[in-house]
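Undergrad: What follows is a single structure, and I will ask about it in a moment.
The values are calculated or read from the model by the stated rules, or taken from the named source; none is laboratory data. Every value quoted in this text rests on a predicted model; they were computed, and no experiment measured them. Glycine also receives a Cβ, built like all others from the backbone with ideal geometry; neighbour counts cover every protein chain displayed.
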Ligand SMILES: Cc1ncc(COP(=O)(O)O)c(C=O)c1O
């Protein structure tokens, strides 16, 4: 049960922050394409002036995400939810919370594009310093704090090595020193993990993944329950302008309606496949948060829960016996698992991070993180699990 609005999350994905259109009774919000809104007199209007600043379809999605992630900001028109053109656009806007000369502590294992935005763009253009820390041990985060540290950026589970961070422990560190804590919650989705309920200031998503769920929209989300941060984010969402358009807002909102049942199947399929892969002779090593062999399995049991039960999510990472040739052979032989970047859609995807999603991470850093040539990342979809297993077995044979 999410505490944000008193309703169970399974109900909130459908009704959270939603109501029928007051003009027509339409159950789904109309896709509102108008770029501007008529005013009765200068500055006198119905709350909508210009679509970058205010859009009813985007608001519907933003209110829904605020309900799911526990953003509860009184007087804020979308209750602390903000939608952007992509996950990276959301991240880029969030990074504007800090000033030139400030210091950020970021997880060492991040989505390659997040790492690229921080290390190759914002460190240069924004003049910030970033320390990349393995946050699986909160003591390392404490040790990295300087008097200019203003933000802690966490990803959990991480992309692609599925490391887990103890969110309440990190939130306590941030609160004690007045450091803003942000969690990229893309891999877990709010069905499994709600960082704000665990003490974080901001939850972030690539809505392109589980939220949209159908591989047909790119988007990003920020949610906060702090009025001061909501005010800053709303200002910057409008000032920077990397907003989510009305059609994509509609698609993501439509996707969220089935998030609860999709996550149940993603988790069930992935748990079964992870168990079988762990026993497969061609697999050298596997990480899956739901397996007792995962290094932070105890955190997973506590922090990632679906309908009150521990859940490992839909992502699996494996290291094959062999090297690049064995990986290529496997990735070319599977068919139901499409070889493609991205994750979290209804269809199963598979990819090779060292060549694909994490090519922007320098080779020596990839090596330290274990993003080797024999590492493959699986996004387990909601197809029949036996069909998926036959596909993988064929690929590994
Ligand atoms: C964990 C994570 N965060 C952020 C992003 C970036 O999101 P987008 O591709 O929507 O910009 C991704 C993309 O794969 C991701 O996996």
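Undergrad: Residue check, residue 34 against (1) in contact (Cβ under 8 Å) with a residue 12 or more places away in the chain; (2) surrounded by fewer than 18 Cβ atoms within 10 Å (Cβ to Cβ); (3) more than 28 Å from residue 235 (Cα to Cα), all met but one. Which one?
TA: (3)
Undergrad: Further question on the same structure: Among the candidates 77, 44, which residue alone is surrounded by fewer than 19 Cβ atoms within 10 Å (Cβ to Cβ), in the same structural domain as residue 209 (by TED's automatic domain parsing) and free of Cβ contacts under 8 Å to residues at least 12 places away in the same chain? Please lay out each step first, then the result.
TA: On the way: 77 fails: free of Cβ contacts under 8 Å to residues at least 12 places away in the same chain.
The unique qualifying residue is 44.
Undergrad: Take the residues in the range 268-279 that are surrounded by fewer than 17 Cβ atoms within 10 Å (Cβ to Cβ) and touching a helix residue (DSSP H, G or I) at 6+ places or on another chain (Cβ under 7 Å); name whichever of them is nearest to residue 386 (Cα to Cα).
TA: That would be 272.
Undergrad: Tell me, yes or no, whether the range 152-166 has at least one residue that is away from the ligand (no atom under 16 Å from the Cβ), free of Cβ contacts under 8 Å to residues at least 40 places away in the same chain and assigned to a loop (DSSP other than H, G, I, E, B).
TA: no
Undergrad: When the residues of the range 197-209 are narrowed to those that are within 12 Å of the ligand (Cβ to nearest atom) and outside any strand (DSSP E or B), which ends up surrounded by the most Cβ atoms within 10 Å (Cβ to Cβ)?
TA: The extreme case among them is 207.
Undergrad: Please count how many residues of the range 330-351 are within 14 Å of the ligand (Cβ to nearest atom) and either surrounded by fewer than 23 Cβ atoms within 10 Å (Cβ to Cβ) or farther than 24 Å from residue 256 by Cα (or both).
TA: Just the residues of the range 330-351 that are within 14 Å of the ligand (Cβ to nearest atom), to begin with: 340-345, 349, 351.
Next, only the ones that are either surrounded by fewer than 23 Cβ atoms within 10 Å (Cβ to Cβ) or farther than 24 Å from residue 256 by Cα (or both) stay: 340-342, 349, 351.
Residues flagged as within 14 Å of the ligand (Cβ to nearest atom) and either surrounded by fewer than 23 Cβ atoms within 10 Å (Cβ to Cβ) or farther than 24 Å from residue 256 by Cα (or both) within the range 330-351 amount to 5.
Undergrad: Among the residues of the range 91-140, write down those that are within 20 Å of residue 363 (Cα to Cα), within 16 Å of the ligand (Cβ to nearest atom) and assigned to a loop (DSSP other than H, G, I, E, B).
TA: Within the range 91-140, 108, 109, 110, 111 meet the criteria.
Undergrad: Inspect the range 210-223 for any residue being assigned to a loop (DSSP other than H, G, I, E, B), more than 12 Å from the ligand (Cβ to nearest atom) and surrounded by fewer than 24 Cβ atoms within 10 Å (Cβ to Cβ) and give the result as yes or no. Steps first, answer last, please.
TA: Here is the first cut: in the range 210-223, the residues assigned to a loop (DSSP other than H, G, I, E, B) are 210-219.
Remaining after also requiring more than 12 Å from the ligand (Cβ to nearest atom): 213-214, 216.
Subset that is surrounded by fewer than 24 Cβ atoms within 10 Å (Cβ to Cβ): 214, 216.
The answer is yes; a qualifying residue exists.
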